[in-house]
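Encoded as structure tokens, the structure appears first; notes follow it.
The values are calculated or read from the model by the stated rules, or taken from the named source; none is laboratory data. Remember, predicted model here, so these are calculated numbers, not experimental data. For the accessible areas, the whole protein counts, side chains as well, though only heavy atoms, and no ligand, DNA or RNA atoms are used. Shrake-Rupley method; radii C 1.70, N 1.55, O 1.52, S 1.80 Å.
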Amino acid sequence: MNKELSQAMYNFICAFDYYPKYPREIGFDQIAYAKELEKCVEDNFDYTIEKYGTIPSQKLGRPEVILD
């Protein structure tokens, strides 16, 4: 993973609280993918859901029962 993709991934995770899926090709263009992730963060919309099949996590909140 190159430095641009690493930073874009970090920004995406901070913005959406879940990991996006990667392209299916083994040798995908990491710089282009990093730009797609940055666009998602700028637009506040996850384009990877349709393009790569990302499944957003659901925030469940705090549990009612806490095991000690």
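Before moving on, here are some points about what is shown:
- Here the sum of -39500 (n - 2.57) over DSSP H runs of 4 or more residues, divided by the residues of the chain, equals -14500 deg cm²/dmol at 222 nm, to the nearest 500.
- Accessible surface of the chain [probe 1.4 Å, protein heavy atoms]: carbon and sulfur percent: 54 percent
- A simple rule links phi to the HN-Hα coupling: the Karplus curve 6.51 cos²θ - 1.76 cosθ + 1.60 with θ = phi - 60°, which for the stretch 46-56 gives 8, 7, 6, 4, 6, 6, 10, x, 5, 10, x Hz, with x for Gly and Pro.
- Take the stretch 1-62 with all the other protein chains still there, run a 1.4 Å probe, and you get 77 Å² of accessible area per residue.
- Column: log10 I(q)/I(0), Debye, Cα scatterers of the chain, q = 0.11, 0.18, 0.28 Å⁻¹: -0.32, -0.67, -1.38
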